[in-house]
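The values are calculated or read from the model by the stated rules, or taken from the named source; none is laboratory data. Owing to the predicted nature of the structure, the values given are computational and were not obtained by experimental measurement. In this analysis, Cβ positions are derived from the backbone assuming ideal geometry, glycine residues included, and neighbour counts consider all displayed protein chains. Please note that ligands, DNA and RNA were not included when accessible areas were found on the heavy atoms of the full protein model with its side chains. Shrake-Rupley method; radii C 1.70, N 1.55, O 1.52, S 1.80 Å.
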Amino acid sequence: KPGKIQELFSNVETTDNTAVFIDKEIDKVLVSEGGFQEMTNDKGNYVGGKLIGTNKGITAKALASYRNVDSSTITKEDIKNITEEEARSIYKDNYYIKPKINQLPNNLQATVFDMYINSGSNAIKILQKLAGIKADGVIGPNTLKTIETSNITTEEYREARIQYYKDIVTKNPKNKKFLKGWINRANKY
C-alpha cells in the first residue's frame, strides 16, 4: 500500500536523466547504508524506547510514513523485510523530491541528498549557512534563488558537512566512533 508521500508525488514527472541520476545516487546510498543493523548506540534504531533497528538505512519512522501507519506499529520483522523497491521509493520520495533537493543546482544535488538521508534538514541548513541566508532547513523560493546565484561548490559543501560531523563529536564524544565513516561518506562527494 503506497504511503501519503508516494501518493503526493506520483504525479511528479521526472526526465529520463533525472531518473537515471536518482537511481544511481540511491545505488550509492544503499551501499553506504548496508543491510539490517540494530546498533544500540544509534538513536535511529529505536521507536518508543524499543530497539527495532534499521535496514538499508530506513528507520521505523520512515517506513511508517511510507506505509501511512503509526511508527509504533512497525516491528523488527517489518524492518528486516524492507524490500529494495520500498527503500528506493522512500529515498526518492521522502529524501529527494519532498525536501526539493531535486530543484537545487545539479552539482549539489547528490551530496545534499546523501546528507539529507544522514541528517535530515540539517543538510539544507548547512547549504543555507554557506549561502549566507537564514538556516531554517527548508528549501523555499528564497533559498533556491540564493543558492542558484551563490555558486557553492561541492568542495565547500563537503568541508561544511565534515565540520558538522566534527561538531557532533565535540558535543557528544561518544559519537567519535562514527566520525571516520561520516567523513569517508562526505568525501565520496
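When 143, 75 are compared by accessible area at a 1.4 angstrom probe, the order from most to least is 75, 143. Placing +1 on each Lys and Arg Cβ and -1 on each Asp and Glu Cβ, with no other charges, gives the chain a dipole about its Cα centre of roughly 820 debye. Computed from phi, the 3J(HN,Hα) profile of the stretch 55-66 under the Karplus parametrisation 6.51, -1.76, 1.60 (θ = phi - 60°) reads 9, 6, x, 8, 8, 4, 4, 5, 5, 5, 4, 4 Hz, with x in place of Gly and Pro. When the accessible area of the chain is computed with all protein chains present and a 1.4 Å probe, what percentage of it is carbon and sulfur? C and S atoms contribute 49 percent here. Set against the labelled values [x] 26, 22, 15; [y] 32, 23, 15; [z] 23, 19, 18, semi-axes √(5λ) of the Cα gyration tensor in Å computed from this structure falls on [x]. Each residue of the stretch 71-86 was assigned a 3J(HN,Hα) from its phi angle through the Karplus expression (A = 6.51, B = -1.76, C = 1.60, θ = phi - 60°), giving 5, 5, 8, 7, 9, 4, 5, 4, 5, 4, 9, 4, 7, 4, 4, 4 Hz with x at Gly and Pro.
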